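Here's the structure we're looking at; comments come further down.
Each reported figure results from applying straightforward, stated rules to the coordinates on display, with no laboratory input. None of these values were measured; they are calculated from a predicted model. FYI the Cβ positions are ideal-geometry reconstructions off the backbone, even for glycines, and counts take in every protein chain you see.
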Amino acid sequence: MRRLDPSRTRMLTHLVSPHYPSQQILHLSDATTDIHETLFAFTREKGFEYDLKAVACDVEAFAALEENHEGFRLETLDLERRQYNKHGKKYDNIYVTLSPALLTEDLETMLKKFYRIMKNGAILAFVVEKEAGLTPLLTQKLEEGYFVAINPIDIFDDYDVVTCKKLHGWGAYQVGF
């Protein structure tokens, strides 16, 4: 697991709006970075729900997280699963910290699944290794998937952060995305 600068990692929490209580955050991680520790502490402090899905790794990789967070759920996730949420739950923020191989395996299908489980105005953030050079591909696929406000954010030395929003009425429903 790669340790990242905690002050820079905390900048990712600025994507979450502080104005709304009871926010729901989803994080897909393969335990390549320690971003989950920052998100866990932030959501516990704010009283937000935090669903951490372990992708292609054991949940033991996240065993260091404390148990005293009522809104925290940890489980494994197969990316081939029909949907990434349970009981029609919608998320305010989604963080994706997966290896380039997992991310590009079926990116278009992954984006469609994200779109269905995001609230209107929700933010999707990808954190990927810079050396993989995935920012142009992510930007293209996000545009094709009717995500808007696509922005690369330069926070880390070795990782790119690409964010976007889901906004209702920007064409996705007209073309059946």
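A compact table of results
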| read-out | value |
| --- | --- |
| Calculated from backbone phi, Karplus (6.51, -1.76, 1.60) coupling profile of region 56-71 in Hz, x at Gly/Pro | 6, 7, 7, 5, 4, 4, 10, 5, 6, 5, 6, 8, 8, 10, 4, x |
| Cross-link pairs Lys46/Lys112; Lys90/Lys130; Lys46/Lys165; Lys46/Lys141 - those with Cα-Cα distance over 27 Å | Lys46/Lys112; Lys90/Lys130; Lys46/Lys141 |
| Candidate aspartates and glutamates - alpha carbon under 19 Å from Lys86, same-chain residues fewer than 8 apart omitted | Glu49, Asp51, Glu70, Glu75, Asp78 |
| Estimated 222 nm signal from helices in the chain, with DSSP H stretches of n ≥ 4 weighted -39500 (n - 2.57), rounded to 500 | -7000 deg cm²/dmol |
| Region 12-33 versus region 59-117: alpha-carbon centroid distance in Å | 11 Å |
| Reported label for calculated Cα extents along the principal axes in Å given (i) 53, 33, 29; (ii) 44, 36, 31; (iii) 108, 35, 34 | (ii) |
| Counting DSSP beta bridges with both ends in the chain, the antiparallel % (nearest 5) | 30 percent |
| Charge sum, other residues only, whose C-beta stays under 11 Å from Pro100's C-beta, Lys/Arg counted +1 and Asp/Glu -1 | -4 |
| Dipole magnitude of the chain about its Cα centre (Cβ charges: Lys, Arg +1; Asp, Glu -1), debye to nearest 20 | 860 debye |
| Where a label projected 7 Å from the Cα of Glu143 along Cα→Cβ would reach, residues of region 103-130 with amide N under 19 Å | 107-109, 111-112, 124-126 |
| Glu129 long-range amide H proximity, modeled H, under 5 Å | Asp160 |
